[in-house]
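The values are calculated or read from the model by the stated rules, or taken from the named source; none is laboratory data. Remember, it's a predicted structure, so these values are computed and weren't measured experimentally. Cβ: placed from backbone, ideal geometry, glycine included. Neighbour counts: every protein chain shown. Only protein heavy atoms, including side chains, enter the accessible area calculation; ligands, DNA and RNA are left aside. Shrake-Rupley method; radii C 1.70, N 1.55, O 1.52, S 1.80 Å.
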Amino acid sequence: MKTFLAFGVAVGAAAALHADVTGKVSLKGTPPPEKEIAPLKADANCGKLVSGAPMTRHYVVGADAGLGNVFVYVKNPPADAKGKAPAVPAVMDQKGCLYEPYVIGAAVGNPVEIRSSDPVLHNVNFQKSIAATPNPTFNQAMGPGAKPIVKTFANQEVFVKLMCNVHPWMFGYIGVVDSPFYAVTDKDGKFSIAGLPDGKYTLVFKHLKAGEVTADVEVKGGSATAAATLEAK
Ligand SMILES: [Cu+2]
């Protein structure tokens, strides 16, 4: 009866419907121009690591007004989503004396690996928690070749803000939510949240400068799409 058992398992898996929610975030209006990070270029150590002019990344706007670096997450995730690990590990690097990527996501309780690819001294400083229940802060030096710092966050916090006191232009942001259902928009504003079970959800779209909007989405087998527009400020 082995065949029947295998058949049963297959049906069970097919019955657990879920979908990838894909979509796009657009920017309305014209953002202020980005500025050159002159102190980075002028720095004796960091200046050697970059070619061209290092620019601020307040608004990353791509094809058809797509807005990058928007943290997208499910406001009302399924109850059993808490504590689940996302498919993609959270990694924040320090490269060319910038946090890279500028914005990442992470799930509550899952490790966030903070690396340094630079041959210079940094310090990773999470100075102040803005969470309702604050996450513990930390401030750790990272010299050349240092092992990654691995941190977990116990409470939802959008955004955990990292800075570096050696290089006062260095900021990096982590959207921490209590589910694996989140994404960061790419340079063209596109995102994909994988494997969301059938149901009705509210998505939150949060950008560091343009603020926050929400959109409702219903997942009902197959796939679902969502879109949002944020206004330049
Ligand atoms: Cu630094």
Requested in this report: Would you be able to say whether some residue in region 164-173 is open to solvent by 20 Å² or more (accessible area, probe 1.4 Å), more than 15 Å from the ligand (Cβ to nearest atom) and in contact (Cβ under 8 Å) with a residue 24 or more places away in the chain?
Outcome: yes
Report task. Grab the strands (runs of 3 or more DSSP E) fully contained in region 152-214, keeping just those with 1 or more residues being out of contact with any Cys (no Cβ under 9 Å at 6 or more places or on another chain), more than 26 Å from residue 111 (Cβ to Cβ) and among the hydrophobic types (A, V, I, L, M, F, W, C). Result -> none
Requested in this report: Name every residue in region 101-124 that is touching a Ser or Thr at 6+ places or on another chain (Cβ under 8 Å) and within 16 Å of the ligand (Cβ to nearest atom), in order of residue number.
Outcome: 122
**Report entry** Odd one out for residue 130, checked against (1) at pLDDT below 95; (2) assigned to a loop (DSSP other than H, G, I, E, B); (3) more than 25 Å from residue 186 (Cα to Cα)
**Finding:** (1)
Requested in this report: Could you grab me the full set of residues in region 128-163 that are of a type outside the set (S, T, N, Q) and within 16 Å of the ligand (Cβ to nearest atom)?
Outcome: 138, 141, 142, 143, 144, 145, 146, 148, 149, 161, 162, 163
**Report entry** Scope region 189-202; condition within 13 Å of residue 70 (Cα to Cα) and in contact with a Lys or Arg (Cβ under 7 Å, 6 or more places away or on another chain); matching residues
**Finding:** 189, 190
Report task. Exactly one condition in (1) open to solvent by 20 Å² or more (accessible area, probe 1.4 Å); (2) within 16 Å of the ligand (Cβ to nearest atom); (3) more than 20 Å from the chain's Cα centre (by Cα) is not met by residue 222; state its number. Result -> (2)
Requested in this report: Would you tally the residues in region 133-146 being part of a loop (DSSP other than H, G, I, E, B) and under 17 Å from residue 97 (Cα atoms)?
Outcome: 4
Query - Residue that is farthest from residue 230 (Cα to Cα) [pool: residues in region 39-93 that are within 16 Å of the ligand (Cβ to nearest atom), touching a strand residue (DSSP E or B) at 6+ places or on another chain (Cβ under 8 Å) and not in a loop (DSSP other than H, G, I, E, B)] - result: 93
Report task. Filter region 190-228 down to the residues that are among the charged types (D, E, K, R) and under 17 Å from residue 80 (Cα atoms), then identify the one that is modelled with the highest pLDDT. Result -> 200
